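Asker: Sharing a structure, written as structure tokens. Questions coming.
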Amino acid sequence: MSIDLPISKIQHIGIPVKNISISSTFYKKLGFETVMDSDFEIPEGKGRCVMMQLKEIMLELYQLPAELIELDILNRKDGHIDHFAFDVKGIDQVYETISKAGFVIVQDGPVFLPFWKNGCTFFHIIGPDGERIEFNEIL
């Protein structure tokens, strides 16, 4: 059964990085430009997120607190893409629709982040192989 969602495009691809300065410099060499740079807080400490854009391609580079980076390095053999995000409108309605459809949702509701000019709200679902699929509304 298919559900009707207001998905318009892939919004961004999220990539966890060990050193955000080195990674952003790497992507700048490929022609990407920084369009957003923001710190964020999680229980383990302070992280940083940089959104980089090249034409219609948006990358989210994010660096977690040092303690979590060290744990992740021990478990990862190669780099990996953490999630991809769909751009949506009406995040609360999308959350309700996804919830009613029985998908495994990571968050208890849409989460606000102080990214972009007015912030954004998002939530993730889990795909069949453990991948995270994000629904994101830029406010």
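Asker: Can you tell me which residue within region 106-135, out of those that are crowded, with 16+ Cβ neighbours inside 10 Å and at pLDDT 95 or above, is farthest from the chain's Cα centre (by Cα)?
Answerer: Per the stated criteria, the residue is Pro110.
Asker: When you scan region 46-58, how many residues do you find that are open to solvent by 20 Å² or more (accessible area, probe 1.4 Å), assigned to a strand (DSSP E or B) and out of contact with any His (no Cβ under 7 Å at 6 or more places or on another chain)?
Answerer: The total comes to 5.
Asker: Of Ile7, Ile42, Ile15, Ile3, which residue is modelled with pLDDT under 90, open to solvent by less than 90 Å² (accessible area, probe 1.4 Å), aliphatic (A, V, I, L, M) and in contact with a Gly (Cβ under 8 Å, 6 or more places away or on another chain)?
Answerer: Ile15
Asker: State all residues of region 94-139 that are polar (S, T, N, Q) and touching a residue at least 60 places away in the same chain (Cβ under 8 Å); if no residue qualifies, say none.
Answerer: Selection gives Thr97, Asn136.
The values are calculated or read from the model by the stated rules, or taken from the named source; none is laboratory data. In this text, all values refer to a predicted model and were calculated from it rather than measured experimentally. Positions of Cβ are backbone-derived with ideal geometry, glycine not excepted, and every protein chain shown enters the neighbour counts. We work out accessible area using only protein heavy atoms, side chains counted, and drop any ligands, DNA or RNA first. Shrake-Rupley method; radii C 1.70, N 1.55, O 1.52, S 1.80 Å.
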